[in-house]
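Asker: Shown below is the structure under consideration.
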Amino acid sequence: MHLLLTDRLTCPRCGPRFGLILLARQVVDRRVLEGTLGCPNCRDGFDVRGGFGDLRAPPRGALPEGRAGDPEPSVPADVERLAALLGVAEGPGTLALVGEPARLAPALVEVVPGVEVVGVDADLARWPEVERVSRLVSRPGLPFFDQTLRGVVVDGILGSGWIREAARTVARLSRVVVTSAPEGGVHVLEQAGLNVLAAEAGTIVAARA
């Protein structure tokens, strides 16, 4: 997890008005490998282990086994299409990939120079650290301040709540991409104040005006 990303994280229990404070135990090349993110409001702590942040509100339980070893190879066309849908050609900025799209994070940083990509999915817990890729799991929503991300890709299978969270966290003039979009996904994004640019073949692209 990149050290600067910790300044953008918020408490999953208390909501996006409450930022987290990092107590780092191991930092290498500006990446937090071991530490705790603490909330000054509820006093809860969220562990960072092996670079992976567990930002689940209680009750937590054990993480799923997830995928072991290196990230799976990605199809270049899929990654290039995703970058085009996001409308981001270069950094700086932070992109978030939520759910199944998170598997494309290592390939996306190769296509889009200068960005930090955050993969939000429990399956990433056993992945190794990759430069410019931060890994975490979160519940019940995305642990970011309002309108701070350069772009968000969210798996629509996760439900309308996660689509609303993507809309909340995306910055002005930035986009939300919904894959496997559910029926009513366009309405959810419009209710959240985004302009829908395209909706076809199970994918929705929307932008904050």
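The values are calculated or read from the model by the stated rules, or taken from the named source; none is laboratory data. This is a predicted model, so every value here is computed, not measured. Here the Cβ positions follow ideal geometry from the backbone for every residue, glycine too, while neighbour counts run over all protein chains shown.
Asker: Count, please, the residues in segment 87-114 that happen to be crowded, with 20+ Cβ neighbours inside 10 Å, in contact (Cβ under 8 Å) with a residue 60 or more places away in the chain and under 25 Å from A125 (Cβ atoms).
Answerer: Taking segment 87-114 as the starting set, the residues that turn out to be crowded, with 20+ Cβ neighbours inside 10 Å are 88, 94-99, 101-109, 112.
Okay, now just the ones that are also in contact (Cβ under 8 Å) with a residue 60 or more places away in the chain, so 88, 94, 96, 98-99, 101.
Cutting the leftovers down to under 25 Å from A125 (Cβ atoms) gives us 94, 96, 98-99, 101.
Result for segment 87-114: 5.
Asker: For segment 136-152, state whether one or more residues are in contact with a helix residue (DSSP H, G or I) (Cβ under 7 Å, 6 or more places away or on another chain), within 18 Å of V79 (Cα to Cα) and either assigned to a strand (DSSP E or B) or not β-branched (V, I, T) (or both).
Answerer: Yes, segment 136-152 contains a residue that is in contact with a helix residue (DSSP H, G or I) (Cβ under 7 Å, 6 or more places away or on another chain), within 18 Å of V79 (Cα to Cα) and either assigned to a strand (DSSP E or B) or not β-branched (V, I, T) (or both).
Asker: Among the residues of segment 104-128, what is the count of those that are of a type in the set (D, E), farther than 19 Å from D7 by Cβ and not in a helix (DSSP H, G or I)?
Answerer: So the count comes out to 1.
Asker: Something else about it: Inside segment 1-17, can you point out the residues that are farther than 15 Å from L136 by Cα and either buried (at least 17 other Cβ atoms within 10 Å of the Cβ) or more than 19 Å from the chain's Cα centre (by Cα) (or both)? First the steps, then the outcome.
Answerer: Within segment 1-17, the subset farther than 15 Å from L136 by Cα is 13-17.
Of everything in segment 1-17, those that are farther than 15 Å from L136 by Cα and either buried (at least 17 other Cβ atoms within 10 Å of the Cβ) or more than 19 Å from the chain's Cα centre (by Cα) (or both) turn out to be R13, P16.
Asker: Condition test on V137, is it of a type outside the set (K, R), under 20 Å from A167 (Cβ atoms) and not assigned by TED's automatic domain parsing to the domain that holds R49? Break it down stepwise before answering.
Answerer: Details: of a type outside the set (K, R): yes; under 20 Å from A167 (Cβ atoms): no; not assigned by TED's automatic domain parsing to the domain that holds R49: yes.
Judged against the criteria, V137 is not a match.
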